[in-house]
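This report concerns only the one structure given below.
The values are calculated or read from the model by the stated rules, or taken from the named source; none is laboratory data. Please read all numbers here as calculations on a predicted model, not as lab measurements. Please note that ligands, DNA and RNA were not included when accessible areas were found on the heavy atoms of the full protein model with its side chains. Shrake-Rupley method; radii C 1.70, N 1.55, O 1.52, S 1.80 Å.
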Amino acid sequence: VTLHLNPISSVHIHQKPLVFLLNSPLPLVWKLKTERLAPGIRRVFFVSIGSVVQFEKGNFSLSAETEEKFFPEKNEHLLQWAQKEYGAVTSFTELKISRNIYIKVGE
């Protein structure tokens with residue numbers, strides 16, 4: 001699955017930390033494609049057990065962290081866990097089958 005990340009139209013370059021929870025019932029390779037995300041900013045990708053994140057060539061991967069994690073099975077429990085762990089959830093998406101996921105990050 002390719003995860004496309006770029007800022008909302010009102011933000012020229014996104015310069016804030018981000019946390020992603022990438023959960024799947026089967027192990028996946030998450031391919032990350034980014035546009036206009038500032039280098040050197042902490043970005044964390046938590047993936048379900050057996051999954052990996054592949055970064056594009058460049059320095060984005062130097063400030064990104066990937067960690068495997070056991071997630072709650074049901075989406076409502078995952079959402080509650082994320083809210084408790086991080087205080088807020090700005091976006092939650094559930095897809096049954098997808099090759100590409102497009103996410104706009106920003107205020």
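Rounded to the nearest 10 Å², what accessible area does F46 show when all protein chains are kept and the probe is 1.4 Å?
For F46, the solvent-accessible surface is approximately 20 Å².
What is the extension gain from K33 to S63, computed as 0.36 nm multiplied by their sequence separation minus the C-alpha to C-alpha distance, in nm to one decimal?
On the way: separation 30, 0.36 × 30 = 10.80 nm, distance 1.49 nm.
Length difference between fully extended and current span is 9.3 nm.
So what are the chain's ellipsoid semi-axes, whole angstrom, largest first, if each one is the square root of 5 times an eigenvalue of the alpha-carbon gyration tensor?
Details: eigenvalues 93, 53, 37 Å².
The equivalent ellipsoid of the chain has semi-axes of 22, 16, 14 Å.
If you rank T93, T66, T34 by how much accessible surface each has, with a 1.4 Å probe, what is the order from largest down? Don't jump to the answer; show the numbers that get you there.
Numbers: T93 90, T66 70, T34 35 Å².
Reading off the accessible areas and sorting them downward yields T93, T66, T34.
Relative contact order for the stretch 2-105: what percent, with Cα pairs under 8 Å and sequence separation of 6 or more? Don't jump to the answer; show the numbers that get you there.
Working: 169 pairs, mean separation 32.5, N = 104.
Relative contact order, the stretch 2-105: 31 percent.
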